[in-house]
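The values are calculated or read from the model by the stated rules, or taken from the named source; none is laboratory data. Computed from a predicted model, the values in this text were never measured in an experiment. Quick reminder, even Gly has a Cβ in these numbers, built from the backbone with ideal geometry, and neighbours come from all protein chains shown. Keep in mind that these areas ignore ligands, DNA and RNA; they rest on the heavy atoms of the full protein, side chains included. Shrake-Rupley method; radii C 1.70, N 1.55, O 1.52, S 1.80 Å.
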Amino acid sequence: MKRPQPPDAPTAMNNATGKRVLALIRGGDYAHPGEEEANELLFAGLRPYRRRRVLDAGCGGAGTASWVRRRGLGEVTGIEIDPATARLGRERHADVTIVHGDLQRASEVLRGPFDLVYAMTATYAAPDQDAAFRELGLLAAAGAELRLLEYADPQGRFAAATGGSPTWTWWRPLAPLRLPEVLAAAGWSSVSVRDLHPEFVRWYAHLCQRIADMRGQIRREFGDDWYAFVAAEYAGILQLVREHALGGVLVRARRE
């Protein structure tokens with residue numbers, strides 16, 4: 001499954017320009033599927049508490065972190081591995097503290113403890129997810145909650161479906177059946193996993209339609225190469241989701 005390459009990076013949607021393209025398409029600084037509907041799902045049931053210490057793991061352009069703060073859910077610190085994206089987040093959302101760093105070594109650059117730790121389609125890009133979850137556990141207060149909205153590989157078909165293409169090899173969608181074991185090893189308990197496959201189909205179909213509808217604007221602001229890349233990128237993701245080779249999960253856990 002080959003995709004056109006944009007002018008500046010093979011993992012383009014995770015760099016600052018990719019985040020700007022997505023912000024234009026999604027109508028906000030969101031890189032995750034579902035935008036604010038996904039936010040509502042992830043943070044359902046949380047009561048406003050401005051003194052809650054919140055960590056956004058892989059905050060990107062900090063749109064969700066700012067959303068959390070505006071709703072009074074806590075004071076948010078974000079960690080972002082791409083320095084240009086971290087700068088973009090600081091420029092656009094001065095109400096959020098953003099630290100440049102790697103989730104796999106997050107405790108080296110962040111000081112906890114945090115009462116709530118969350119990630120929106122971020123841990124799938126960590127080469128060593130076990131290390132990332134351990135680091136997040138180290139930063140969590142006793143009894144803290146972990147919430148994830150992440151890509152999943154529920155049937156173990158992702159690698160075969162993508163054919164070992166280098167454009168997909170860095171993806172590591174979560175294996176839902178392994179999550180309780182993986183998170184328990186990192187100090188997390190009471191793990192619950194909700195399948196979001198129907199939502200992912202709907203969200204990505206809508207996103208692909210928006211990309212088509214916004215073709216002229218994307219080309220004007222970012223160029224023909226970026227339009228070709230983003231259209232192919234999300235058409236490919238939608239195909240994988242429809243084939244059940246890729247999906248999504250909503251995960252909750254507690255720090256022991």
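All conditions but one from (1) closer than 30 Å to Ala140 by Cα; (2) modelled with pLDDT under 95 apply to Ala253; the one that does not is (2). Answer yes or no: is there a residue in the stretch 7-19 that is under 28 Å from Ala159 (Cβ atoms), modelled with pLDDT under 90, touching a helix residue (DSSP H, G or I) at 6+ places or on another chain (Cβ under 9 Å) and basic (Lys, Arg). Yes: one or more hits. Among the criteria (1) in a strand (DSSP E or B); (2) in contact with a Leu (Cβ under 9 Å, 6 or more places away or on another chain), the one Gly143 does not fulfil is (2).
Counting only helices (runs of 4 or more DSSP H) that sit wholly inside the stretch 187-242, not one has at least 3 residues that are surrounded by fewer than 16 Cβ atoms within 10 Å (Cβ to Cβ), small (Gly, Ala, Ser) and free of Cβ contacts under 8 Å to residues at least 12 places away in the same chain.
Filtered by the rule that a residue be among the polar types (S, T, N, Q), open to solvent by less than 10 Å² (accessible area, probe 1.4 Å) and under 22 Å from Gln129 (Cβ atoms), the stretch 65-86 gives a lone residue, Thr85. Scanning the stretch 243-256 for residues that are part of a strand (DSSP E or B) and within 15 Å of Glu199 (Cβ to Cβ) turns up Gly247, Gly248, Val249, Leu250, Val251.
Which of the residues belonging to the stretch 191-231 are of a type in the set (A, V, I, L, M) and in contact with a Gly (Cβ under 6 Å, 6 or more places away or on another chain)? Result: Leu196, single match. Pairs are defined by a Cβ separation below 7 Å, a sequence spacing of at least 6 or placement on different chains, a first member in the stretch 153-174 that is within 16 Å of His244 (Cα to Cα) and open to solvent by 60 Å² or more (accessible area, probe 1.4 Å), and a second member that is part of a helix (DSSP H, G or I) and of a type in the set (S, T, N, Q); the pairs so defined are Arg172/Gln129.
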